[in-house]
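To start, the structure under review is shown below, and the notes come after it.
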Amino acid sequence: MAIRIDGKRISAEIRAEIKEETAAFARERGYLPGLAVVIVGEDPASQVYVRNKKRACEEVGFYSEVYELPEQTTQKELNALVERLNADQKIHGILVQLPLPKHLDENEVLLRIDPSKDVDAFHPLNVGKIMIGDYDFLPCTPAGVMALLERSCIDPAGKKCVVVGRSNIVGKPMAMLLLHANGTVTVCHSKTRELAAVCREADILVVAIGRADFVGADMVKEGAVVIDVGMNRRADGKLTGDVDFAAVEPIASAITPVPGGVGPMTITMLLKNTLTAAKKKNH
Ligand code: NAP
């Protein structure tokens with residue numbers, strides 16, 4: 001039976017460390033790390049994420065601002081807010097909650113965020129820095145996965161790592177981080193042939209596709225580490241991952257549950273990035 005990698009516990013551990021570091025930072029500098037979160041429109045899931053981010057900031061002692069803009073906000077107004085936050089010395093990290101309403105251009109907004117305040121690490125400059133292995137911030141979800149592995153004493157070095165999913169925010173950076181950690185990495189997607197056979201090769205299998213309970217026992221090697229990034233709502237409203245937990249747990253050596261695995265780590269890594277951004281500034 002697999003060890004359950006407890007994302008809640010590991011996340012709480014890291015947040016306690018961030019809280020301590022924040023107190024030391026405040027004593028030394030006389031001000032707090034500051035995060036601004038911008039949300040446009042009334043998407044209920046996004047509103048929950050933003051509320052959780054604000055609460056997490058308060059928990060570790062950050063300064064935070066939340067901008068809740070109406071659905072009909074124009075590109076010009078949103079750009080102007082980002083420019084204002086870029087210039088605001090109290091703000092060290094800026095996060096624009098995605099997705100934006102359809103009439104707004106996400107790329108245009110993300111390109112405007114000062115890369116030194118880009119705590120989501122979505123700006124092409126930061127993406128490029130991650131590629132060459134010389135970065136300040138890592139995208140929050142893949143960074144959360146790496147922290148889970150590290151704190152569970154699972155070293156990807158020399159191991160066969162299979163990442164299922166190739167999105168810009170999870171799959172691709174995940175593959176890059178495993179590569180930096182000396183894993184031998186294969187990336188799969190919807191056009192991959194013999195997906196189950198490729199997955200069965202994995203010593204570490206990371207799944208980020210957004211299909212409820214998609215990965216079954218036939219896709220997992222005995223003793224593999226299985227990391228489930230998926231977050232899917234079942235018809236009964238319950239949250240479930242991309243991995244069929246009940247079927248895979250008896251085969252794997254370690255596995256993340258959903259909820260309580262990767263999910264809690266994402267905001268924790270956002271806090272870490274904000275602290276890093278603040279440390280790099282002298283205001
Ligand atoms: P996305 O942008 O929709 O990308 C999904 C990826 O999965 C694509 O690369 C797609 O392949 C691949 N895929 C879809 N169906 C597949 C199949 N049947 N076989 C193989 N590959 C398949 O999704 P995302 O933003 O990366 O998110 C993935 C999941 O992670 C979602 O459930 C999301 O809610 C969750 N998530 C969780 C967190 C967290 O904090 N825990 C954070 C972010 C995302 P193609 O490229 O070929 O289309």
- [ ] Give a residue-ordered list of calculated ³J(HN,Hα) values for the range 64-78 (Karplus: 6.51 cos²θ - 1.76 cosθ + 1.60, θ = phi - 60°; whole Hz; x for Gly, Pro).
- [x] 9, 10, 10, 10, 9, 9, x, 3, 7, 3, 8, 4, 4, 5, 5
- [ ] Please work out the Kirkwood hydrodynamic radius for the chain, using every pair of different C-alpha atoms, and report it in angstroms with one decimal place.
- [x] 19.6
- [ ] Rounded to the nearest 0.05, what FRET efficiency do E201 and E58 give with R0 = 35 Å and r taken as the Cβ-Cβ distance? Could you check?
- [x] 0.20
Task: Sites E150 and E68, calculated FRET efficiency, Cβ-Cβ separation with R0 41 Å, nearest 0.05 - done: 0.70
- [ ] Pop a pseudo-label 7 angstrom from the Cα along the beta-carbon direction at both N282 and T184 and give the gap in nm to one decimal.
- [x] 4.9
Open item on the list: Per residue, how large is the accessible surface of the range 29-114? Use a 1.4 angstrom probe and give square angstrom.
Closed with: 51
TODO: Report, by chain and number, residues whose modeled amide H sits under 5 Å from the one on V206, excluding near sequence neighbours (fewer than 5 apart, same chain).
DONE: V162, V163, V164, I227
- [ ] For the range 129-137, just list the computed ³J(HN,Hα) in residue order, Karplus coefficients 6.51, -1.76 and 1.60, θ = phi - 60°, integers in Hz, with x standing in for Gly and Pro.
- [x] 5, 5, 4, 8, x, 10, 10, 9, 10
Open item on the list: Nearest 10 degrees is fine. How inclined is helix 171-180 to the longest principal axis of the chain, computing both from alpha carbons?
Closed with: 80
Task: Nitroxide proxy distance, nm - points 7 Å out along Cα→Cβ at I3 and R193 - done: 3.8
Open item on the list: Quick check for you: which residues of the range 216-252 have the amide N under 19 Å from the point 7 Å beyond the Cα of V48 toward its beta carbon?
Closed with: 228-243
TODO: Would you work out what percent of the accessible area of the chain, with all protein chains in place, is carbon or sulfur (probe 1.4 Å)?
DONE: 53
Task: Rg to Rh quotient for the range 29-114, alpha carbon positions, Kirkwood Rh - done: 0.97
Task: Inter-part distance where the range 58-100 and the range 197-235 are each reduced to a Cα centre, Å - done: 35
Task: Heavy-atom surface of the range 192-283, accessible at 1.4 Å and reported per residue (Å²) - done: 43
- [ ] Return the sequence-ordered ³J(HN,Hα) values of the range 121-126 in whole Hz as given by the Karplus equation 6.51 cos²θ - 1.76 cosθ + 1.60 applied to θ = phi - 60°, using x for Gly and Pro.
- [x] 6, 9, 5, x, 5, 5
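The values are calculated or read from the model by the stated rules, or taken from the named source; none is laboratory data. This one's a predicted model, so the numbers in the text were calculated from it and none came from an experiment. Note that each Cβ is placed from the backbone with ideal geometry, even for glycine, and that neighbours are counted across all protein chains shown. Keep in mind that these areas ignore ligands, DNA and RNA; they rest on the heavy atoms of the full protein, side chains included. Shrake-Rupley method; radii C 1.70, N 1.55, O 1.52, S 1.80 Å.
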